[in-house]
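Q: So that we are looking at the same thing, I have put the structure below in structure tokens.
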Amino acid sequence: MPALIRKYSEYLSVTDATPVVTLGEGDTPLLPAPALSRQVGAEVYLKVEGCNPTGSFKDRGMTMAVSKALESGGGAVICASTGNTAASAAAYAARAGQDCLVLLPAGKVAMGKLAQAVLCGAKVVAIKGNFDQALEIVRLLSKQYPVAMVNSLNPYRIEGQTTGAFEIVDQLGASPTYQAMPVGNAGNISAYWAGYQRYHDAGRMKRMPKMLGFQAAGAAPLVLGEPVSDPETIASAIRIGNPAGWRTAIEARDQSGGLIEMVTDEEIVAAYRDLGRQEGVFCEPASAAGVAGMLRLGRQGYFNPGDTIVCILTGHGLKDPETALSVSPEPLALPADSAQVATHFGLER
Ligand code: F0G
């Protein structure tokens, strides 16, 4: 298989001279979701981005950003992150032989993501502040020093993430009617919209999908219309109060005739558990925000029977085992005794 950004190079700033840094990203499953389809009365698919090499959609953007950084001479890359960008940047920079500098909001990053970043050799600093403050520092440093910022403010990140839209159209054989997804720093919704536009212009699809973005209620600046100074939600990946992609996300919403709404942490957790229990898919809490929003719209009768809806499950559930355990019953401890185990499970001959 060619690397993702080689496969789609005609739509990207990738030439024969680009030293493509790849870990085998992309080509993630588009999984039919029968239980969710019944609930919303339309055909629902899950784009399982947790199947990327570092377990999130960030790899689509990072292969592009790190390859282009290498093409223009290499040096260190730097990012602020709620976790997944850091994990991805650390892995691709390691692969490219580049240094990776990471700023995280102290104590606010899921364990799996931190483990990935440190294991891959990133130099990690925990900032006593939130993601928005960390990103502000990264913006300054990348202006003042020769380090390449690989947050989604880097246009190559967005370009790489357009491949998610291309893949969905290739896998479905058409564009979906709706796309539902979580929104944090608002890069991914902007990237998907750009991707659909690009594919439409190239004659690869007919109808533009409507973009449905969902923020967590405690971190919903795009819904409130103003920055949130102290964002809070169980979905730590989207705990962001002043998104860098603000303008382009609003454009994606308005140009597509979609919406950006907020969902409560209770709705996020309910969707997170339902995905596991009903579809067998373990995603991280932020990813479930898009599904939670779709379910709410479904209950309101928003969808029609012929509609197709793709939910972007942005990150793998194993990223954040602590949250999974915190919303689940603890396993019962029993002696190593078959009769007691059988009784506990209610087994009958
Ligand atoms: N879902 C997950 C799992 C994420 O990690 C993020 C963002 C989003 C959704 C939101 O995407 O920012 O493009 O709107 N994570 C970033 C990070 C901020 O640092 O890993 P967005």
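The values are calculated or read from the model by the stated rules, or taken from the named source; none is laboratory data. Because the structure is predicted, anything quoted here is derived from the model rather than measured. Backbone-built Cβ (ideal geometry, glycine too); neighbour counts: all protein chains shown. Keep in mind that these areas ignore ligands, DNA and RNA; they rest on the heavy atoms of the full protein, side chains included. Shrake-Rupley method; radii C 1.70, N 1.55, O 1.52, S 1.80 Å.
Q: I'd like the FRET efficiency for residue 266 and residue 328, computed as 1/(1 + (r/R0)^6) with the beta carbon distance as r and R0 of 25 Å, rounded to 0.05.
A: Once the sixth-power term is evaluated, E becomes 0.95.
Q: Tell me the Rg and the Dmax, in Å, that the Cα atoms of the range 218-295 produce.
A: Calculated on Cα positions, Rg and Dmax stand at 13.2, 37 Å.
Q: Count charges around residue 324 for me, please; just the other residues with Cβ under 11 Å from its Cβ, Lys/Arg as +1, Asp/Glu as -1.
A: -1
Q: OK, next. Would you work out which of 165, 336, 11 lies farthest towards the positive end of the dipole of the chain, given +1 charges on the beta-carbon of Lys and Arg and -1 on that of Asp and Glu, about the Cα centre?
A: Of the options given, the answer is 11.
Q: Set the Förster radius R0 to 41 Å, insert the Cβ-Cβ distance between residue 171 and residue 16 as r into 1/(1 + (r/R0)^6), and round the FRET efficiency to 0.05.
A: 0.90
Q: Taking a label point 7 Å from the Cα of residue 197 along the Cα→Cβ vector, which residues of the range 244-260 have an amide N closer than 17 Å to it?
A: Residues 245-259 fall inside that zone.
Q: Counting only protein heavy atoms, what percent of the accessible surface of the chain is carbon or sulfur at a 1.4 Å probe?
A: Carbon-and-sulfur percentage of accessible area, whole number: 54.
Q: Using each residue's phi in the range 238-255, evaluate 6.51 cos²θ - 1.76 cosθ + 1.60 at θ = phi - 60° and report the 3J(HN,Hα) Karplus result to the nearest Hz, with x for Gly and Pro.
A: So the Karplus estimates, Gly and Pro as x, are 10, 7, 9, x, 8, x, 5, x, 3, 4, 5, 5, 5, 4, 4, 4, 6, 5 Hz.
Q: Using only alpha carbon pairs under 8 Å that are at least six residues apart, calculate the relative contact order of the chain and give it in whole percent.
A: Taking the mean separation of contacting Cα pairs over the length of the chain, I get 20 percent.
Q: Out of the range 264-349, which GluC sites (Glu not before Pro) are coil in DSSP terms and have no more than 11 other C-beta atoms within 10 Å?
A: Answer by residue number: 348.
Q: Further, regarding this structure: Along each of the three principal axes of the Cα atoms of the range 1-149, give the extent in whole Å, ordering the values from largest to smallest.
A: Its Cα atoms span 52, 42, 25 Å along the three principal axes.
Q: Out of the trypsin sites (Lys or Arg not before Pro) in the range 147-214, which ones are loop residues according to DSSP with at most 10 other C-beta atoms within 10 Å? Write out the running numbers ahead of the final one.
A: Values: sites: 157, 198, 204, 206, 207, 210; in loops: 204, 206, 207.
Taking the range 147-214 and a limit of 10 other Cβ atoms within 10 Å, the loop trypsin sites (Lys or Arg not before Pro) found are 206.
Q: With the other protein chains left in place, how much accessible area per residue, in square angstrom, belongs to the chain at a 1.4 angstrom probe?
A: Per-residue value: 42 Å².
Q: Would you kindly find the accessible area of residue 159, with a 1.4 Å probe and non-protein molecules such as ligands, DNA and RNA excluded, rounding to the nearest 10 Å²?
A: 40 Å²
Q: From the phi angles alone, apply the Karplus equation (6.51, -1.76, 1.60; θ = phi - 60°) to the range 160-175 and give each ³J(HN,Hα) in whole Hz, x where the residue is Gly or Pro.
A: x, 6, 5, 4, x, 5, 4, 5, 4, 5, 5, 6, 7, x, 6, 7
Q: Taking θ as phi - 60°, what are the ³J(HN,Hα) couplings along the range 53-66 by the Karplus curve (6.51, -1.76, 1.60), each to the nearest whole Hz, with x for Gly and Pro?
A: Each residue of the range 53-66 in turn: x, 9, x, 8, 5, 4, 4, 4, x, 6, 4, 6, 5, 6 Hz.
Q: Taking the alpha-carbon set of the chain, what are its Rg and Dmax in Å?
A: Just the Cα atoms of the chain yield Rg and Dmax of 20.2, 73 Å.
Q: DSSP loop (so not H, G, I, E, B), at most 13 other Cβ within 10 Å: list which trypsin sites (Lys or Arg not before Pro) in the range 1-101 pass both filters. List each step's numbers first, then the result.
A: Working: sites: 6, 7, 38, 47, 58, 60, 68, 95; in loops: none.
Answer in residue order: no site qualifies.
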